[in-house]
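For reference, the structure discussed in these notes is given below.
Taken together, the values in this text are just the output of simple stated rules run on the coordinates, not laboratory data. Bear in mind the structure is a predicted one, so any value in this text is a computation, not a measurement. All Cβ positions, glycine included, derive from the backbone under ideal geometry; neighbour counts span all protein chains shown.
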Amino acid sequence: MGTRVVNMVGISKQFGGVGVLHSVNLCLEAGEVLGLVGKNGAGKSTLMKILYGVESADSGTIEINGRQVGVAGSAKAMRSDVAMIFQEFSLAPTLTVAENVFLRRLPTRRTGLVDVRQCQERTSEIVRSLGSDIDVNVPVATLSVAEKQLAEIAKALSQKASIIIMDEPTAALTSDQVEFLFSVIRTLKSRGVSVIYISHDLKRVLEICDRVSVLRNGRNVSVVDARAVSVDDLACDITGEEPIRATRREIGHPTSAAQVSRASDSILEVDGIIAPRVHGVSFALHPNEILGIAGLSGSGRTELLEVVFGVSQPREGRILVNGIPFRGLTPAKAIELGLYLIPDERQTKGLVLSHSVQDNMILPVLQKVMTRFLIDRRKCTELARRLSQQLNVVAASVRHRVANLSGGNQQKVVLSKAFATGSQIMLLDDPTVGVDVESKREIAQLVRQHVSSGKNAAIVVSSELELIAELCDRVLVMREGAIVDEMRAVDEPVTEARLLALV
Ligand SMILES: Nc1ncnc2c1ncn2[C@@H]1O[C@H](COP(=O)(O)OP(=O)(O)OP(=O)(O)O)[C@@H](O)[C@H]1O
Ligand SMILES: [Mg+2]
């Protein structure tokens, strides 16, 4: 046993009367990389913010390097040993790397002036010791995400932090950048610095961590030795599902005759697409099918859907809709062809928040409600009322501002636009993010209803693997811009834990 540097015992926390952490324990050794995993909302970030001292706990104790620190109120001052790197970085974009690293502690000369040279030299020394050669005199705004992360780590080290918390550090990194981050983490480890590593990428977690702590619904589930556990076991701990030892069917095998004939009746074919973050993706979508795309954020899933909808153009590859290839597809053309994209960020990409339910709903079908040069308000209201009823949008009236609706109802308004255009192929990008349980169920039901009629179909991308497992007939697993696996519900049970182990 090494030296224990963190000991959190019985940490509990409520937000507005709702318990999010229930007597959670966590300990960390010197020079150890500890993984912290769990589903969205399991309480990982909250637990780490409590350790870092920017969030208070209702009860429990924390010891850092042998010293008891308070858990109530802002106890951040007590935690000079701890640094936390958030996904939204805390660097000042207009300042240089060196200025950021020494912000508020700039070395001064005897004259009282800032010693710029010393600041630069010390920063580049730290940066070089981590194996990087970035210029510390450029503004942080000009750096890549990976370089910003490095600047954050340099800042932590300059503050002599011996415990560094990284909250989802790899979500926006390419695989080369992840390799580099891992080499930095190994360097830190060799110097006795401890790292707590939060991530949904279980393969990577097992690659870099010594031990992994699993949280589920704000409770400790297990702490495992990373060398002794498989990704599947970890996935089951996270979801609480029983392991299924089904044999995994690799893709790339010759498809059966039945599947080939099905491919020929596909309504959408994506053939060898190469685009930013998408590296050669092909698949077909069939009538009455719900096709899931399971992947972590950053896997290229959003970029893929955007190419299919014509938001961006692929560098290579073809898209065929009902057998006809299209080049230079635009969203307007895609809608004409019967596609509709429900985008990932509904508030910025999917809705005009300051407008009414009705105005949002009719936006994509203005020509349907026009009489010569004027908008027929009566027709608009009729259409909006019909859609509201069909999708069960709960709002005082269709004139109500969308900004004031709940997340679930906002998402139903976005979905209604796909129904209004009479789309054949719905592309849904993370449709249930921040949506309440009841609305989630309704949205899943609406998608099922949609694909059951005519030659309709849907593609569902989601971080909520539970939704994909439950809803989809077939699932493509996407990792680092490529399809790495395929599962069909008719062949094998598609469960949340299995998907989690594959993404
Ligand atoms: N400031 C807050 N006010 C109210 N509820 C909050 C607050 N911060 C977090 N929560 C709730 O606490 C629970 C745990 O959230 P937390 O962010 O710790 O989860 P997480 O495990 O980090 O999830 P993710 O993987 O999505 O980042 C969630 O239900 C979340 O909605
Ligand atoms: Mg979090």
Normalised per residue, the volume inside the convex hull of the alpha-carbon atoms of the stretch 91-161 in Å³ amounts to 82 Å³
Taking every DSSP bridge whose two residues both lie in the stretch 257-502, the antiparallel percent to the nearest 5 is 55 percent
Pop the C-beta distance of residue 320 and residue 482 into the FRET formula with R0 = 30 Å and round what comes out to the nearest 0.05.
-> 0.90
Would you pull out the residues with amide H under 5 Å of residue 482's amide H, same chain only if 5 or more places away, H placed 1.01 Å from N?
-> 279
Among bridges DSSP assigns within the chain, what percent are antiparallel (round to 5)?
-> 55 percent
Could I get the Rg over Rh figure for the stretch 25-153? Both from C-alpha atoms, Rh via Kirkwood, rounded to two places.
-> 1.02
Using alpha-carbon positions, the gyration tensor of the stretch 311-391 gives root eigenvalues a ≥ b ≥ c; with a/c under 1.5 called rounded, otherwise prolate if a/b exceeds b/c, else oblate, the class is prolate
Determine, from the Cβ-Cβ distance of residue 61 and residue 18 and an R0 of 25 Å, the FRET efficiency 1/(1 + (r/R0)^6), rounded to the nearest 0.05.
-> 0.65
Going toward the positive end of the dipole of the chain, with +1 on Lys and Arg Cβ and -1 on Asp and Glu Cβ, which of 285, 119, 208 do you reach last?
-> 119
Given C-alpha coordinates of the chain, what is the ratio Rg to Rh with the Kirkwood estimate of Rh?
-> 1.01
Using only the Cα atoms of the stretch 257-502, what do you get for the radius of gyration and for Dmax, in Å?
-> 17.8, 56
Pairs 160/203; 39/349; 39/333; 44/412; 148/189; 39/417: which are spaced more than 28 Å apart, C-alpha to C-alpha?
-> 160/203; 39/333; 44/412; 39/417
Scattering from the C-alpha atoms of the stretch 408-503 alone, worked out with Debye: what is log10 I(q)/I(0) at q = 0.10, 0.16, 0.21, 0.25 1/Å?
-> -0.27, -0.70, -1.13, -1.39
Just order 394-403, 200-209 by mean Cβ neighbour count inside 10 Å, highest at the front, would you?
-> 200-209, 394-403
Added length on full extension, which subtracts the Cα-Cα distance from 0.36 nm per residue, residue 94 to residue 347 | 88.3 nm
Overall dimensions of the stretch 370-425 by Cα: Rg and Dmax, Å = 12.1, 36
If you stretched the chain out fully between residue 330 and residue 159, how much longer would it get, using 0.36 nm times the residue separation minus the C-alpha to C-alpha distance?
-> 56.6 nm
If you keep only loop residues by DSSP, which trypsin sites (Lys or Arg not before Pro) in the stretch 421-456 have at most 14 other Cβ atoms within 10 Å of their Cβ?
-> 455
Ellipticity estimate at 222 nm from DSSP helix runs (n ≥ 4, -39,500 (n - 2.57)) divided over the chain, nearest 500 = -9500 deg cm²/dmol
Total charge dipole magnitude, the stretch 257-502, about the Cα centre, Cβ charges on Lys, Arg, Asp, Glu only, Debye to nearest 20 = 1240 debye
Expressed in nanometres to one decimal, the distance between label points 7 Å along Cα→Cβ at residue 448 and residue 133 is 5.9 nm
Please pull out the direction-averaged projected area of the stretch 14-100, using the convex hull of its alpha-carbon atoms, in nm² to one decimal place.
-> 7.5 nm²
Hey, rough spin-label estimate for residue 403 and residue 368, points 7 angstrom out along Cα→Cβ, what's it come to in nanometres?
-> 2.8 nm
Between beta-carbons, use under 14 Å as the cut-off and find the net charge around residue 354, counting Lys and Arg +1, Asp and Glu -1.
-> +1
Convex hull volume per residue in cubic angstrom - Cα atoms of the stretch 118-199 | 90 Å³
Taking the Cα centre of the chain as origin, work out the dipole magnitude from +1 charges on Lys and Arg Cβ and -1 charges on Asp and Glu Cβ, in debye rounded to 20.
-> 1400 debye
Projected label distance in nm at residue 176 and residue 190, using a 7 Å step from Cα toward the beta-carbon = 2.3 nm
Residues 388, 132 arranged by fewest to most Cβ contacts within 10 Å = 132, 388
Give the calculated FRET efficiency between residue 114 and residue 437 to the nearest 0.05, with a Förster radius of 41 Å applied to their Cβ-Cβ distance.
-> 0.15
